[in-house]
Every structure is written in C-alpha cells, then in structure tokens.
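The values are calculated or read from the model by the stated rules, or taken from the named source; none is laboratory data. All values derive from a computational prediction rather than experimental measurement. Because the Cβ atoms are built from the backbone with ideal geometry, glycine has one as well, and the counts that use them run over all protein chains shown.
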Amino acid sequence: MSDTDVPRAHHHRNRSARGESSRRDRNRERDRDRERDRDRPPRTKGSRTRRGASSADEGRADRRSRSQSLSANALAQLNQDNVKQQRQADRERRKRDRDRGRGEVDPDERARERAERHQRRERERERERERERQRERERTRARERSPSPDPETEPSIVPKKYRKPSKQKKSRVVSGAVMEEGRSKGWRFGFGFGGHSRDDSYDSLRKEDMYSQPEKKKKKGMSKRKKWIIGGIVALVLLIIIIVAAVLGSKHKSGGGGSSDDSSSGSSASSSDVPLKYKNTDLDPSTWASTEDFNTTFTDEMVGGLPVMGLFSEWDDSTQANSKVPALDKPWGDYSKTPAKGVNLGGWLSIEPFITPSLFNYPPGSGIVDEWTLCAHLGSKAASTIENHYNTFVTEDDFKAIADAGLDHVRIPFSYWAVQVYDGDQYIYRTSWRYLLRGIEWARKYGLRVNLDLHGLPGSQNGWNHSGRQGTIGWLNGTNGALNAQRSLDIHNSLSQFFSQDRYQNIITHYGLANEPKMTFLKASDVVNWTETAFTMVRKNGFKGLVIFGDGFMGLNNWQGLMQGYDGLVLDVHQYVIFNQNQIDYTHQKKVQYACQGWTQQALQSQDKSTGYGPTQFAEWSQADTDCAQYVTNVGQGNRWEGTLNTGNASTAILSPDCPTKNSQCSCDNANADPSKWSAEYKKFLSMFAQAQMYSFEKGLGWWYWTWKTESSPQWSYQAGMAAGVLPQKAWERDFNCDTDVPDFAASGLPEYY
C-alpha cells in the first residue's frame, strides 16, 4: 500500500465504524419499539367508544402533536444522515476520479471500491427499509391514539393497503378551506404534482408518489360525491330563485298600464320556462325583439283562441287623459254631447307605404307595393324587419305625447294576421297581436280610450294597399268571397271574446268591424247583411261598447233607414278633399269653406235618423290639400295635383295637372317641403283648415285625425303639425271656428298652385 493510500483507508475504516455504530443504535431503538408494542394491551372492537369521550377529547390534540413531532424529527434525522453520507461519498468519488487521472489506482483499489459501492447500496436499502418501518410505526401509533382523525392536521401519508373500519364515519381528506382557495393538490400548477413548488426535490416527489396514491384515488371518489352534493345544492338554489322570481313578477303585474319596472329591450328573456312545443313561437319571449312592458312569465292561456301572453294580471283604470274628460273608470257619457277628440296610429300595425316610405325604398318596377309583397320580398328577413317596425315606430312616448296634446281617444288600426293567417299568406303571423295589447296598456296608462279598427280583412275589402294587398277585392267578391267573409266573422268571434274581458270594459270604447269596405264596387246588400251578422255576434260575446261600420263611400244620405234597431251601432265616415277630382282643385279658401259648410251639414244630416243613418263619427281626416305625399296614391303611380297619376286604367288615370290653376305651375315642391320652409300664409291656411274640420266633425260623435306620425308627410301628421304650429297645442284651444269669415288666401299672397 502506498503512502497515499493510508489516509483514504483510514478514512474508510472510520466511516465504516461510524456506519456500524449508527446501525446498532437504530437496531436498539427498533427493539425497544417492538417491546412496547408487545406490552400494549390488545385493542378490541368498540374500544374507542368505551373510553370516555371527554378524556379522548382532552388528550387527542396532545397525542396528535407528539405523533406529528416524532414523525417529523425522525424523518428529518434520517434525511440529514442520508445527505451527509451522500456528500462524503461524492467527495471520495471526486478524489478517486482525480487519482485515476494521475494513474494512481491499482486493481486492488478498484476491487475495494466495487465492494464499497455494493456495501453502500446495501446500507441505502437498509436505511430505506428502516425509514419505511419507522413511518409504519408512526402511522400505527397515530391510528391507535387518534380514533377520529382531523383532516386538517393528520399527516397526508397513508399506507397503500390501509382501509378504514367499515363503520367509521367518512371524512373529507382535503381541507375545505384549501379547496375553496384553490390550493389543493393538483390545482396550483396543473402539472400533476399536487401542491408542490418548483423547488421540491425529486426524492420527495417520488416518495409522495409512493405513499399518496391511495389518497388520490380516495379524493377522486370524494370529488365525485362532492359534485353530486354541489349539484343538488345548485338545483335547489335555482328552484328557489325561480319561485321567488315568479312571485315578484306577479307582484309587479299592476298599475300604470301594466308596465314592468324590470323590463328590458332586446331578446334578453330566458326561454327556460317555455314548454318545448312553444319554443320559437310567438309565445316564447326569448324570440321577441323587445320585452319592454311585457310580462315574460310564460302562460299558454287563451281567451277566444287568442293568447294573453305578455299581459300583466292587474291594471289601473283611474287615469284621466286630461281635466276635460272623465277618468277611464268613470262613464264617458253621451258622445253627441262630449265628442271624442282623437288620433289614429296609422301605418303602425297595418303598414302603409306613404306613412313609412323607407320600408318601400326599392327600384321602380320592383312590384313591392304593399305589406303582402314586402313580406314576400323580404323572405326570411320579414319577421325581424316587420317586428322592428312594430317595436320602434310607435312607443310609449307617443301615447304620452298624444295625451299631452289634449287628445282623449286613440284609434289603432290592425289587420287580420294579428289573429290568423291562411295558406299562401305572406304576412307575419300574430306578432302584431302582442304590440296591439301593449299599445292598449300604454293608452290605459295615460287615460286614453281606444277605438279598435280592423283595417285589413281576409281577401281585402277594398283592394287598396292599406288593406294589406293592393289589387283584387276578394272579400264578399270572387271565388273565395264567401269564404273570406266567414273567415272575417271567425276573426271577430275571437276578437270580441277577448276584448269583452273585464280589463277592457272601460278602455275599449269603440270596436271596428271593417275599415272602408268599397261599397261602390261590392254589392251593398251583402255588406249590410255581413255587418248585421258581425254586430250580433260581437254583442253575444259580451262586448258592450260602440260597434263601428264604414260608410263604404255610398254617400251619407243613402244610409237613411238601413240597419236600424241595433243599439250602439255607429256609422264611420272618412272625409278628404284630395281623392276626388272635383274637390282637389278647390282653392284654399273654398276648402276651408267646404269643411265649415259642406261637412258640417253632412254631419248634422247623418246624425238625424229622419235624414240619415243616425249616430255618426269621423274617424279619418287630415290637413292635406294635395295628394303630393310620396306613395299616398299607391307606390309609383304619381299624383293628381301634377297630373301624373297613372293607374293603368283609363277611367281612373289623371294625366293632366289638377291643381286649381290646371297648368304647368302645379307643383308638389312646396307641398312636400320641410315645414320650416312653409310660408306664413300657407301655415295660416293649414291651421284654419284643421280647426274647421274639428268644428264640423264635433257635430257628430267626434273625430280622429289621420294620422299621429309619418316619416315625411307633415300635412298627414298631428305630431308634425303641432311642431310646425299649424295644429293647436291643446285640442280644445282654438283661434278659429266656422262662425268666422274665411279669408281669401290668394289675395294675401298664397298661390293656388302652392
């Protein structure tokens, strides 16, 4: 042996002696533990419960603390010994490597090194086995001393094959607080290493993998059970929320026209409570363009076959439109003594091209001339386009403004497709129905009484675009004339049942049967018979208000003696000067005079049963003195004023100027100008013309201006007329009546072609 080998051999012997001494110490400690285990009395079934509960509680924390302290100290000592020995072995290996580099290692030395490596491996295995035995002893003592382990303080290491007694109460392994804070194993980093930090040693990770696998399996099972528990709790909470929401929704179904404080716009409603068969139908509020002031609690209740969906269950009829008229819950009285002062909501639920020309902005010759052809052209976009119009063209603000204007009634035109559609129809089915119901509730909120007007009937009762379909008259005429007449009765059967409910007794004061049936074309007796049948049915279904039928343009004197004995049946007359060739050419002065004299005389004669029908109202009139408004004489057909009306029929076409001057000066430029550009004299004429008509029609049961609003025709808009100063700010505040002389407007500088 060389001199250089002596220190290394000496160090080896010293290290071997230290290792042998350490083993003897551990063996003695192990023997003592085994003797204590043998001396301990055996455990019997139920021994935990026989011990006093109080003593167990008092000592449990102390024993757990000692057990955990012993386990931690023992493992720390073992790890410290392992680290020291590993470092010593590394130093020896590095020294041997240096010696080999100098060629100083002989074969005997290599043999000794191999033997030493073998011995080190054996010692390492023995140390590992000892650590395992030590951990087993710690776990055994912990189980014996802690019958009800605390999941937040017990060591997380459990033996692979350990199973709790079958009757032991199950407990969560992972701390609830840790789970809630997101710090449970496997959640912090998402690498499958549980809650370890990036600095944990491989050895500690390997040991946790060795001893914690059963725990992970257990956690998986507990997680599944926990999911079921959480799912049950969530379901219960949702059920409670739904019940509370339903109760609160019911409480909000009251007053102010039935509006809801928590309503919203857009299709923000949930369809979760809508039965499958009603999803994506008109009863599914999630498909509505707006839920504002609608009750979105689902119901499939019907009255007369019509849905109440969207209505609130309570209402308030104590409102008053203004101080001049009674509140809704008070009788109106005799309309001949207190005539109605109202306005139409034309072009809203029955679309008319001249009121909303933007909907018909298509190239000439496209054939889109009415609601039927518009819907056909729009195809899949029709429903959303039409509903957007319903939702935005008339709002609650309009009803408020109508009441603020001193008006007390509102006429709401709507058409049969609000109730029913038939094979081949292009209209949007029943969407307008809920907007009609909401409009009535808004009227209620502001004390306005409602005149219901069925504006379009199956087959078309007049062939004009505002009936829905321009062209052929198919109502009481043609192959399907009788069928469409019966369909119209069926619709009134549903409507009259619905509007005979208590909630409508005070607000629906007028019920219209058919707007403007063209009796100059239809057989008058057929229309009369149909009207009598419809009236009888409406009364039988319980409607108590006034029932309205149109004069059919027969001339008021021709109604004398017809349909007598029907209490509450009222004749409806619409007065315009612009649709008759022999009236549109009246001068401005003569138009006002005709309103004061001619229409006043007609009203008085019609009101008198000896000279006319009897009770008569005037549900349409305007300030228009020309037919220049875009599309007012149908889409693309021109006008009488300038002589461009080309109907395609020689008997109705007017192809030469028909304004009072009858020449090329006849122009629509001034009539269609913005009101801000109207001359003072023209404004004076418009104001007098309006007040003359009010005076005249109040000789009957009252009037409704046509219409409240338009996009671009101010002489047809009560709203625009007020803004321009050509209509009273309050309907009863007037500075002209027919007892006053009518001035010569031309002498004051107003051209007759203006």
Go through (1) touching a helix residue (DSSP H, G or I) at 6+ places or on another chain (Cβ under 6 Å); (2) among the hydrophobic types (A, V, I, L, M, F, W, C); (3) over 19 Å from residue 421 (Cβ atoms); (4) surrounded by 24 or more Cβ atoms within 10 Å (Cβ to Cβ) for residue 519 and report which single condition fails.
(4)
Return only the number of the condition from (1) under 14 Å from the mean Cα position of the chain (by Cα); (2) surrounded by fewer than 15 Cβ atoms within 10 Å (Cβ to Cβ) that residue 297 does not satisfy.
(2)
Take region 559-575 and flag every residue that is exposed (fewer than 15 other Cβ atoms within 10 Å of the Cβ) and either farther than 12 Å from residue 614 by Cα or within 45 Å of the chain's Cα centre (by Cα) (or both).
567
I need the full set of residues from region 468-499 which are closer than 24 Å to residue 536 by Cβ and touching a strand residue (DSSP E or B) at 6+ places or on another chain (Cβ under 9 Å), in order please.
488, 491, 492, 494, 495, 496, 497, 498, 499
When you go through 644, 707, 661 one by one, which is the residue that is out of contact with any Asp or Glu (no Cβ under 7 Å at 6 or more places or on another chain), closer than 15 Å to residue 628 by Cβ and among the β-branched types (Val, Ile, Thr)?
644
Quick one: in region 359-413, of everything that is of a type in the set (A, V, I, L, M, F, W, C), over 28 Å from residue 721 (Cα atoms) and out of contact with any helix residue (DSSP H, G or I) (no Cβ under 6 Å at 6 or more places or on another chain), which residue is surrounded by the fewest Cβ atoms within 10 Å (Cβ to Cβ)?
376
Per the list (1) modelled with pLDDT of 95 or more; (2) on the phi > 0 side of the Ramachandran plot, residue check on residue 675 breaks on (2)
Please name all residue pairs, on different chains or six or more residues apart, with Cβ atoms under 8 Å, provided the first residue is in region 380-401 and is in contact (Cβ under 8 Å) with a residue 24 or more places away in the chain and under 18 Å from residue 707 (Cβ atoms) and the second residue is of a type in the set (Gly, Ala, Ser) and part of a helix (DSSP H, G or I).
390/432; 394/439; 399/439; 399/443
So if I check each of 639, 672, which one is assigned to a loop (DSSP other than H, G, I, E, B), in contact with a strand residue (DSSP E or B) (Cβ under 8 Å, 6 or more places away or on another chain) and polar (S, T, N, Q)?
639
From the list 700, 721, pick out the single residue that is in contact with a Pro (Cβ under 9 Å, 6 or more places away or on another chain), in a loop (DSSP other than H, G, I, E, B) and surrounded by 16 or more Cβ atoms within 10 Å (Cβ to Cβ).
700
Is one or more of the residues making up region 647-668 assigned by TED's automatic domain parsing to the domain that holds residue 408, among the hydrophobic types (A, V, I, L, M, F, W, C) and at pLDDT below 95?
yes
Exactly one of 697, 689, 736 is within 19 Å of residue 584 (Cα to Cα) and either of a type in the set (Asp, Glu) or touching a helix residue (DSSP H, G or I) at 6+ places or on another chain (Cβ under 7 Å) (or both), and that one is 689
Among the residues of region 726-754, which ones are loosely packed, with under 14 Cβ neighbours inside 10 Å and small (Gly, Ala, Ser)?
747, 749
Just need a number here: residues in region 287-338 that are part of a loop (DSSP other than H, G, I, E, B), touching a Ser or Thr at 6+ places or on another chain (Cβ under 8 Å) and hydrophobic (A, V, I, L, M, F, W, C).
11
